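**Student:** The following block contains the structure, expressed as C-alpha cells.
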C-alpha cells in the first residue's frame, strides 16, 4: 500500500505561504506594515514575543500595552458576563482574544466574542490549525475612546463580514455602544427606560452599561439573571435544545 504524505500547507485553514529560503531570519512584524493575510500570519507566528497584532484592511495594527482600570478590569468583567450567559445557553461558545480570520485582508483578535456552533446556524468555525474563520455572532471590543480604530476601520470590517452584533466599550467616555447589523449597516441598540441594553441576536443577554464602568460585576450579573429568566431566553433555550437533539 502506498502512503501519500500531505503537505501541511495544503490543510484547510493553514495559510503559511511557501516563501523562498533567502534567510533563516523571519522578517519583523511592525505597525503600519501592509501585508497579505498569509504573510501576516507567517510573521506573527514566527514572533511569539508579540502579544497582540491584527491585520485590518491589509494594514498591521499592534495595540499599546494594556492599562488595568481602563481595559483589563472591564475586559475581565465582560468575559465573566458572557461566560455566565454561555453557562445558561446550550450551543453558545465564548472566546477571549481569539484570532479570527474574516477575509484575505482582515485577521482580528477581539477582546471577547460569543458565537453559535455551526450546527445551530453559527457562521464561524474552528479551523484545523485551531483559529476561527468566519464572523462570530457577537464581537466585543474595549476601546480607548470613540476616536480609536475600533469605532472606524474595525467597525466597517465587522459589518462587511457579517458580524451580527458589535459591542464597543469606550474607556475615556465611559460609555457602551452596542450595534446590530440591519441590511448590511450597523444601527445602535437603544437602552430601555432602566438603561439596560438587550441583545437582539442572543435573547436574554442584557447589560447595564453604567455598571460596567462602575466595576459592579454583581449588578451586571443580576441584570443578566433577569434576562435569563425572561420568556424570550426560556424559549430560545428550548429551541436550541430541540435543534441540538435533532442533529444527533
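**Student:** Looking at residue 215 and the list (1) free of Cβ contacts under 8 Å to residues at least 60 places away in the same chain; (2) over 20 Å from residue 118 (Cα atoms); (3) loosely packed, with under 15 Cβ neighbours inside 10 Å, which single condition is not satisfied?
**Tutor:** Exception for residue 215: condition (1).
**Student:** Another one. It is to be established whether one or more residues within the range 100-112 are modelled with pLDDT of 90 or more and over 24 Å from residue 33 (Cβ atoms). Write out each step before concluding.
**Tutor:** So the first thing to find is which residues in the range 100-112 are modelled with pLDDT of 90 or more, and the list is 100-112.
After this cut, where a residue has to be over 24 Å from residue 33 (Cβ atoms) as well, the list is 112.
Yes, the range 100-112 has at least one match.
**Student:** Further question: Scan the range 40-76 residue by residue and report those that are under 25 Å from residue 173 (Cβ atoms), part of a helix (DSSP H, G or I) and touching a residue at least 24 places away in the same chain (Cβ under 8 Å).
**Tutor:** Correct list: 70, 71, 73, 74, 75.
**Student:** Right, here's the next one. For the condition more than 25 Å from residue 73 (Cβ to Cβ) and either at pLDDT 95 or above or in a strand (DSSP E or B) (or both), what is the one hit in 90, 136? Lay out the reasoning, then the answer.
**Tutor:** Working: 136 fails: more than 25 Å from residue 73 (Cβ to Cβ).
Being more than 25 Å from residue 73 (Cβ to Cβ) and either at pLDDT 95 or above or in a strand (DSSP E or B) (or both) holds for just one of 90, 136, which is 90.
**Student:** For residues that are within 19 Å of residue 73 (Cβ to Cβ) and either touching a strand residue (DSSP E or B) at 6+ places or on another chain (Cβ under 8 Å) or surrounded by fewer than 19 Cβ atoms within 10 Å (Cβ to Cβ) (or both), tally how many sit in the range 178-212. It would help to see each step written out before you state the result.
**Tutor:** To start, the set of residues in the range 178-212 that are within 19 Å of residue 73 (Cβ to Cβ) comprises 207-212.
Subsequent filtering for residues that are either touching a strand residue (DSSP E or B) at 6+ places or on another chain (Cβ under 8 Å) or surrounded by fewer than 19 Cβ atoms within 10 Å (Cβ to Cβ) (or both) retains 207-210, 212.
Adding up the residues that qualify gives 5.
**Student:** Could you list all residues from the range 71-92 that are out of contact with any helix residue (DSSP H, G or I) (no Cβ under 8 Å at 6 or more places or on another chain) and buried (at least 19 other Cβ atoms within 10 Å of the Cβ)? Spell out the reasoning first.
**Tutor:** Going through the range 71-92, the residues out of contact with any helix residue (DSSP H, G or I) (no Cβ under 8 Å at 6 or more places or on another chain) turn out to be 71-73, 75-76, 79, 82-83, 86-87.
Those that are out of contact with any helix residue (DSSP H, G or I) (no Cβ under 8 Å at 6 or more places or on another chain) and buried (at least 19 other Cβ atoms within 10 Å of the Cβ): 71, 75, 82.
**Student:** Regarding residue 165, is this residue surrounded by fewer than 17 Cβ atoms within 10 Å (Cβ to Cβ) and more than 21 Å from residue 63 (Cα to Cα)?
**Tutor:** no
**Student:** May I pose another question? Which ones in the range 109-125 are crowded, with 17+ Cβ neighbours inside 10 Å, part of a strand (DSSP E or B) and touching a helix residue (DSSP H, G or I) at 6+ places or on another chain (Cβ under 9 Å)?
**Tutor:** The answer is 112, 113, 114, 116.
**Student:** Do we have any residue at all in the range 77-84 that's part of a helix (DSSP H, G or I), modelled with pLDDT of 90 or more and farther than 15 Å from residue 140 by Cα?
**Tutor:** yes
The values are calculated or read from the model by the stated rules, or taken from the named source; none is laboratory data. What you see is a predicted model; the values in this text were computed from it and never measured. A quick note on method: Cβ atoms are made from the backbone with ideal geometry, for glycine too, and the neighbour counts reach across all protein chains shown.
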